[in-house]
Structure formats: C-alpha cells, structure tokens
Amino acid sequence: MKYLQNIGAYFIMIKDMFRRPTKWSVMKTLILKDIDDLILGSLGIVAFISFFVGGVVAIQTSLNISNPLIPKNLIGFATRQSVILEFAPTFVSIIMAGKVGSFITSSIGTMRVTEQIDALEVMGINALNYLVFPKFIALLFYPFVIAIAMFLGVFGGYIACVYGGYSSSADFIDGVQLDFIEFHIVYAFLKTLVFAFVLATIPSFHGFFMKGGALEVGKASTTAFVWTSVVIIILNYFLTSLLLG
Amino acid sequence: MIEVNNLHKSFGDIHVLKGITTSFLPGQTNLIIGQSGSGKTVFLKCLLGLIEPEEGTISFNDAIYSELSVNEKRDLRSKMGMVFQGSALFDSMNIQENVMFPLRMFTKMTLSEMQDRSNEVLKRVNLPDAHKKKPSEASGGMQKRVAIARAIVNNPKYLFCDEPNSGLDPRTAIVIDNLIREITDEYNITTVINSHDMNSVMEIGEKIVFLKDGVKEWEGSKKTIFKTDNQAVTNFVYSSELFKKVRQMYIEERN
C-alpha cells in the first residue's frame with residue numbers, strides 16, 4: 001500500500017514540477033549551476049570508468065576466443081556492441097545513480113531538514129519547480145556524457161587490445177565498423193533520455209519528501225540509489241524489448 | 001491584521017488545535033507561548049499556509065486565506081516574511097545573496113537596486129560588513145539577523161518568527177528581540193512570534209496568546225501576565241525560581 005502511495009506521490013510531484021514556473025532570470029542561473037554540478041562534474045569519473053571497462057571488455061572477449069576459426073575482428077565488434085548497447089547507456093546510468101542521484105537526494109534532503117524548502121514555500125515559491133525542474137533540464141544534456149562514454153569505451157578497448165597484443169589495429173577497427181546498425185545509436189540515446197528523467201526525478205523525490213534529520217538524509221540517499229537502479233534496470237528490459245525485440 | 005476563527009487541526013487521532021480564535025494587530029509584537037507539544041508550531045504553520053486546517057478560517061486583512069485563488073495566495077505569501085528557528089538560510093548563497101533572494105524572485109529591480117536595498121537592511125540589522133560570508137561562516141546570532149534582514153527586505157506586511165532566540169546567549173537573544181520589536185514598529189508589520197523564552201515574553205510581548213493542549217488558555221499582554229491568576233499560565237511562566245521571585249516582588253509592590 002505504501003509503495004502505491006509513493007508511486008502516486010511521485011507522479012503528482014512530476015506534475016507539480018511544471019506548475020508555477022520560477023522567474024526565467026533565476027531559473028537560468030539554476031540550470032547552469034546544475035549543468036555544472038551534474039553533467040560537467042560527472043565527466044571525469046564517467047571517462048575514467050568507460051575507458052577501463054572498454055579495455056576489460058576487449059581483453060575478456062579476446063581471452064575467450066580460443067577457436068582459430070573465429071575472426072579476430074570479433075573483438076572490436078563485441079566491444080562496440082557491448083559498450084554502445086549496454087555499458088554506456090545502462091551501466092553508466094547506474095554509476096550516475098550513485099554519483100548524481102545521491103548528490104541530488106542529499107542536497108535536497110538537507111534543504112528539507114534545515115527548513116530551506118519551508119522557507120521557499122513560505123515565500124510563495126513552487127519549491128518543486130525551483131529545485132527539481134533545473135535538474136531535469138540539466139540532465140537533458142546527459143546524452144552528451146553517454147556519447148563520451150561510448151567513444152572512450154571503444155577507444156579503451158582499442159588501446160587495451162592493440163597495445164596488449166590481443167589483436168592488430170586493423171582487425172579491431174574492422175570489427176568496430178562491421179555490421180554497424182544506425183538504429184542502435186538511436187536506441188541507446190532514447191534509453192539515455194529516459195534514464196536521465198529517472199536520474200533527475202527519483203532522487204529528487206526521495207530528498208524532497210524525506211522526514212527526519214541528518215541520519216535520514218543518508219538513508220534517503222541510499223534508498224534513492226537503490227530505487228533509481230531498480231527502475232533503470234526494469235525500464236532497460238522493457239525498452240530493449242520494445243525497440244529491439 | 002490577522003484574524004483566526006475557530007481553528008481545528010488533527011493528525012490522525014491526535015487533535016492538535018482545538019478551536020483557536022484570536023487576532024493579531026499590525027504594529028505590535030504578538031507572541032504565541034506554551035509548553036512543547038501545545039500546538040504552537042502547528043498553529044504558526046497554519047498561519048503561514050504550510051498546513052491546512054480542517055475547520056476554521058484565517059483572514060489576512062479580511063481576505064480569508066482558504067478562499068483565495070492560487071495566484072492570490074502566492075501574492076499574499078510574497079508579503080510574508082518568516083524567520084525560522086534554524087534561520088533556514090540558503091547554504092549555496094552568501095549573506096547578501098540570501099538577503100537579495102526575495103527581491104530577485106518578486107521584484108523587477110536591477111542588480112544595483114537590489115544591492116542597495118540589501119545593504120540598507122543589512123545595515124538595519126547591524127551587519128554592514130558581512131555580505132560575502134557564507135551562512136556557515138556566520139555565528140548563530142548573525143544568522144538570525146540575516147534571516148530577519150531577508151524576511152523584511154521586500155517590505156512584508158506580516159512577519160512570522162519561530163523561536164527566534166533558540167540557541168542564542170541571553171544578551172544576543174535580547175538584541176534579536178529588540179530588533180524584531182523595532183522593525184515591527186518601524187514598518188508597521190503584523191508580527192507573530194512563536195516562543196517559550198520568558199525573557200522575550202517580558203521584553204516584547206505586546207500581545208500574548210497562551211496555548212495549552214491545543215486550546216487557547218489565556219490571552220493578554222506582558223503587563224497583564226503579571227496579574228493573571230490563571231493557574232496554567234502561572235505554572236508555565238513562573239516555572240523558574242527567578243521569575244517566581246520577580247512575580248512575588250511585583251505582587252508585594254502592588255499591595
């Protein structure tokens with residue numbers, strides 16, 4: 001019953017997020033600040049993880065090809081498919097649920113605990129529009145992060161493969177170009193946009209409606225991470241079935 | 001002027017406010033006092049529109065709050081200033097930005113006009129040189145003064161303070177009390193203060209409403225509170241030995 005209530009409250013929050021908009025001159029500043037915090041601030045960790053995971057995917061693929069009949073360009077092909085279809089859009093989103101999600105929940109939750117949200121509401125400001133909407137707009141730039149993750153994942157695979165002696169540069173590049181389907185990119189970015197919405201709203205919901213003190217802020221961040229990850233995984237399944245199935 | 005008529009509010013089975021009727025005049029400091037759990041905070045939150053009462057009405061200059069449209073409520077709220085117990089300053093902004101915040105949200109002032117106005121109110125609360133500090137770098141007393149400056153910067157008609165003295169030393173508490181009283185008088189604001197600080201009651205209580213278990217037990221002023229025979233009020237106000245002695249001296253002097 002409580003879960004149903006929370007789902008209902010979540011959708012009401014989304015509706016309220018678009019009501020009574022904040023003055024554009026103020027909103028503009030908030031959006032730019034959130035782009036800095038949520039998008040630019042995540043580039044480093046996303047780049048680091050993508051590069052090394054791409055490398056590991058390439059090495060693992062290479063080590064598991066023992067049959068001499070399987071062409072070496074499969075390593076590039078498998079790395080590209082793994083990174084573009086799943087690693088970059090889905091698993092980077094789960095990493096972002098930890099990094100960006102916990103930041104959103106803890107910052108909004110702390111504002112709740114210290115009555116800053118009450119202060120906004122007393123002034124007649126729609127606190128949901130003021131706090132959540134800029135995060136939602138900022139995360140519309142999330143596909144750029146994923147594009148970088150895709151590039152660095154494949155590039156990491158190339159470096160690991162070529163300089164680790166697992167395949168030649170030509171074989172890897174040939175594999176990366178093999179049977180390329182443009183729709184896979186569309187599919188990956190569509191997923192990314194849906195996950196961006198989830199990343200902005202679920203942690204905000206847990207922060208905005210939290211009750212209690214500092215300890216509860218920590219608990220809310222953990223809960224937000226768990227639910228954001230669960231929703232991303234479930235949506236990933238349905239989107240994949242719908243778009244590729 | 002704020003008029004409250006037969007206000008009721010429950011949370012589940014707990015009846016927190018039980019038919020409170022009172023009024024608060026402009027230009028005077030109105031105090032709501034009572035023990036913890038007496039319903040003071042819920043009452044203040046009802047006045048602020050943060051909690052909706054089940055029964056009864058709250059009128060601001062004859063306009064009944066529950067009958068106002070969303071835009072009218074928004075307009076009314078832009079005329080309210082609030083000083084929270086923990087100051088509730090925005091961590092991400094410095095002191096001047098905090099004070100300028102209501103101006104940025106509700107006026108069409110230019111940046112230099114906003115800076116001038118914020119300088120003016122910061123000077124009024126005796127903080128002329130603290131503009132660039134972050135709230136976390138300011139002491140409790142300074143934070144309260146910044147909160148007062150933010151509350152009055154947009155010339156509000158109504159000022160609400162939730163325990164403005166909590167966590168402050170007695171001397172700073174008196175400074176804050178006097179500041180609120182002076183500002184109330186200067187700007188002719190309707191000020192409602194939620195407090196259980198007896199020094200505040202005696203210093204600035206031009207009107208005092210005493211709540212007990214969600215009921216308005218007594219209403220008066222700092223002058224009449226000395227004379228009252230209401231047992232609940234005397235038990236609460238004169239709970240300390242010091243105040244008992246003060247009251248004794250007052251009664252002896254009167255006789």
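Hey, what angle do you get for helix B:140-152 against the long axis of chain B, alpha-carbon based, 0 to 90 degrees rounded to 10?
The two axes meet at around 80 degrees.
222 nm [θ] for chain B, helices only, -39500 (n - 2.57) per DSSP H run of 4+, per residue, to 500?
Taking each H run of at least 4 residues, the total per residue is -12500 deg cm²/dmol.
Would you mind giving the mean number of other chain beta-carbons within 10 Å of the Cβ of each residue in B:40-50, as a whole number?
1
How long are the three semi-axes of the equivalent ellipsoid of segment B:92-155, in whole Å, if each is the root of 5 times an eigenvalue of the C-alpha gyration tensor, listed from largest down?
18, 11, 10
State, to one decimal in nm, how far the label point of B:N188 lies from the label point of A:L40, with both points 7 Å from Cα in the Cβ direction.
With each label point 7 Å from Cα toward Cβ, the separation is 4.9 nm.
List the residue ranges in chain A for DSSP H helices whose C-alpha atoms run 20 angstrom or more along the long axis and whose Kyte-Doolittle average is -0.5 or above.
Answer set is A:2-17, A:43-63, A:142-163, A:182-208, A:214-244.
Between A:I7 and B:H8, what is the label-to-label distance in nm when each label sits 7 Å out along the Cα-to-Cβ direction?
Each label point lies 7 Å from its Cα, and together they span 3.6 nm.
What residues qualify as long-range amide H neighbours of B:N194, i.e. H under 5 Å apart, gap of 5 or more or another chain, H built at 1.01 Å from N?
Counting only residues 5 or more places away or on other chains, the set is B:I32, B:C161, B:D162, B:E163.
Could you pull out every residue, at least 5 positions away or on a different chain, whose amide H is within less than 5 Å of the one on B:I208? Hs are placed 1.01 Å off N in the peptide plane, and Pro or chain starts have none.
Close amide H contacts, sequence-distant or interchain: B:L31, B:G220, B:S221.
Could you work out how much longer the chain between B:R104 and B:K132 gets when fully extended? Use 0.36 nm per residue separation minus the Cα distance between them, nm to one decimal.
8.3 nm
Antiparallel as a % of all DSSP beta bridges within the protein assembly as shown, to the nearest 5?
Of the beta bridges lying entirely in the protein assembly as shown, close to 55 percent run antiparallel.
Over chain A, calculate the relative contact order: mean separation of alpha carbon pairs under 8 Å at least 6 apart, over the residue count, as a percent.
Averaging sequence separation for qualifying contacts and normalising by length gives 35 percent for chain A.
In nanometres, what is the gap between the two model label sites at B:D75 and B:D62, each 7 Å from Cα along Cα-to-Cβ?
A separation of 1.5 nm, rounded to one decimal place.
Within segment B:82-139, list the trypsin sites (Lys or Arg not before Pro) lying in a DSSP loop whose Cβ has at most 13 other Cβ atoms in a 10 Å radius.
When the trypsin sites (Lys or Arg not before Pro) of segment B:82-139 are filtered for loop state and at most 13 Cβ neighbours within 10 Å, B:K108, B:K132 remain.
What is the extension gain from B:N178 to B:E253, computed as 0.36 nm multiplied by their sequence separation minus the C-alpha to C-alpha distance, in nm to one decimal?
24.3 nm
Need the full-extension length gain, B:T224 to B:V246, defined as separation in residues times 0.36 nm minus the C-alpha distance. One decimal, nm.
6.5 nm
Going Cα to Cα from B:K244, which lysines come in below 17 Å? Please leave out same-chain ones fewer than 8 positions away.
By straight Cα distance, B:K244 reaches B:K222, B:K223, B:K227.
Given an 8 Å cut-off on Cα distances and at least 6 residues of separation, report the relative contact order of chain B as a percent.
Relative contact order of chain B: 27 percent.
Is chain B rounded, prolate or oblate when judged by the Cα gyration tensor, a ≥ b ≥ c being the square roots of its eigenvalues, rounded requiring a/c under 1.5 and prolate requiring a/b larger than b/c?
oblate
Straight-line reach from A:K135: which aspartates and glutamates have Cα under 14 Å away, leaving out those fewer than 8 places along the same chain?
Of all the aspartates and glutamates, those that pass the test against A:K135 - Cα under 14 Å, at least 8 places apart if same chain - are A:D34, A:D36, A:D37.
Roughly how crowded by other chains is peptide B:88-96, in terms of the mean Cβ count from those chains within 10 Å of each of its Cβ atoms?
Going residue by residue through B:88-96 and averaging, the value is 3.
Values in this text are rule-based calculations from the coordinates and carry no lab data. Quantities reported herein were computed from a predicted structural model and do not represent experimental measurements. All Cβ positions, even for glycine, are placed from backbone atoms using ideal geometry, and neighbour counts span all protein chains on display.
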